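Right, one structure below, let's go through it.
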Amino acid sequence: MTFKTAVDPAVPEASPDPEDRIALQPHAPVVPRLLKRRADPEDDGWGEDLDPIDADLPEVEIPPHRRRRWFQSLFLLLVLLPTLVTVAFEYLIVSDQFESEASFIVRAPQSASPGSGLSQILGMSTGAVPADAHSVAEYLLSHDAIDSLGRGTLIAMFRRPEADPATRLWSADPAPETLLRFYRHQVHIANASETGITALRVRAFRPADAKALADRLLVLGEIQVGNLNRRMFEDGLKVARRQIVEAEATVEQAQIALTAFRQARRDVDPEKTGSAQIQTAASLQEQTAQARASLEAMAATVPSSAPQYAATARRVAAMERQVATAQARLAGSNRSVAGGLGDYEHLRLRQEFASKRYEAAAASFQAAREQLLKQQLFIVPVVKPNLPGKALYPKRLETVATVFFTLAFAFAIGWLILAGVHEHAE
């Protein structure tokens, strides 16, 4: 069963407003929407399952002047208005910031290589930036640098009366992390790997503040380099100094042992004493041999009972006893010259070895000291901090242009997407 909506011909059709009328295509007259009920033998004829009958509906087209009006309204709302707000913020609210710039080189010895330009003038070879330059940069951007500069001084500098509320340090007692973050926003350090030059840029709300902070940072950099030199010097000499101390202790022990041996033997130089006793024993042996020869010659001419012969015999016997005693002193017991001379030579050898070890340690210490002195670091200023005469920040025109063109580009992309969707729907 099919139902059609009734249209009263007596009711006149209202004429649309010229501003809001909808243009209808001439080939698409207004057709009532027809509904078709599904055939169901069990239905009582008044079911609700009604499906629309396919019918050509009128196509609605937006007039060009309304599209233009929408475009202008959206462009004003989404592009021009934010741009005007940015202009008002940049030119009426944001305060001027002055930048002081300086540059320096962390001088470090490098192997000789061909270079040119500033590197040759400063006596440096071209190459990568030394790690010490990076360590100085890290120190100048750390909590230690803030503590050295003075927390109260930095807070007062970053909260000047002429600073605007948007860009100044908000809190009068900020957390250390907050102060460090704002400090790193105002202080910039860049290392150039090609030239080895480190650039320092400091921004502040007053020209004098920017220059004073840059000067103070350079001084802190020199102090940090001095600390690095001292630490490197002490660490480098630690091993050499320990070797000298050990060598000195060995020499001292050898000297104590040698002194104790001399006191125990009651002999200052057992070596010379032994030589003297050997000479004495040899002389006695020679004299004894001569006396024995004289006695034998006398025995051929003088009887043994003669007084002269008896005296000579007694003299020979006494000399033989002296020779035996001298030989006993040279060897034969623990107190002999031979035993003492061996111990003395051992102690002298230990003393000489300790002395040579001490000399080697002293030479090594001196060489290490000279080498470390050659490796001393220091900062070479290239450009000293300047007193700015013109505010370089904020980049107002650049910021406004960036905001305008970014919003305009995004708006154009969005408008093209909407136009494509509308065209696809038609």
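The values are calculated or read from the model by the stated rules, or taken from the named source; none is laboratory data. Note that the structure is a prediction, hence the values are computed from the model and not measured. Neighbour counts are summed over all protein chains in view; Cβ atoms, including those assigned to glycine, are modelled from backbone coordinates with ideal geometry. SASA here: full protein model, heavy atoms, side chains in, ligands and nucleic acids out. Shrake-Rupley method; radii C 1.70, N 1.55, O 1.52, S 1.80 Å.
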**Request:** Quick one: check the C-alpha center-to-center distance for region 372-426 versus region 181-243, whole angstrom.
**Result:** 28 Å
**Request:** Please express the shape of region 127-209 as an equivalent ellipsoid: the semi-axes are the square roots of 5 times the eigenvalues of the C-alpha gyration tensor, given largest first in whole angstrom.
**Result:** 27, 14, 10
**Asked** Expressed in nm to one decimal, what extension gain is obtained for the pair residue 159 and residue 424 from 0.36 nm per residue of sequence separation less their Cα-Cα distance?
**Response** 89.7 nm
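Using the beta-carbon distance between residue 286 and residue 246 and R0 = 56 Å, what value does 1/(1 + (r/R0)^6) give for FRET efficiency, to the nearest 0.05?
Numbers: r = 51 Å, r/R0 = 0.91.
With R0 = 56 Å, the Cβ-Cβ based efficiency is 0.65.
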**Request:** Report residue 157's accessible area, 1.4 Å probe, all protein chains in place, as a number in Å² to the nearest 10.
**Result:** 20 Å²
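Stretched out fully, how many nm does the piece from residue 297 to residue 364 gain, at 0.36 nm a residue minus the Cα gap?
Working: separation 67, 0.36 × 67 = 24.12 nm, distance 7.08 nm.
Contour length minus the Cα-Cα distance gives 17.0 nm.
So if each residue of separation counts as 0.36 nm, and I subtract the Cα-Cα distance between residue 70 and residue 175, what length gain in nm does that give? Intermediate values should be presented prior to the final figure.
Values: separation 105, 0.36 × 105 = 37.80 nm, distance 4.93 nm.
So the extension gain works out to 32.9 nm.
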**Message:** Can you compute the label reach from residue 355? Point 7 Å from Cα along the Cβ direction, backbone N cut-off under 19 Å, restricted to region 235-261.
**Reply:** 244-261
**Prompt:** With every protein chain kept in the model, how would you rank 316, 245 by accessible area, 1.4 Å probe, largest at the top?
**Reply:** 245, 316
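What ranking of 223, 105 comes out by heavy-atom accessible area, probe 1.4 Å, highest first?
The most accessible residue leads, giving 223, 105.
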**Prompt:** How would 141, 169 rank on accessible area, largest to smallest, probe 1.4 Å?
**Reply:** 141, 169
**Message:** Between residue 380 and residue 304, what is the label-point separation in nm under the 7 Å Cα-to-beta-carbon projection?
**Reply:** 10.4 nm
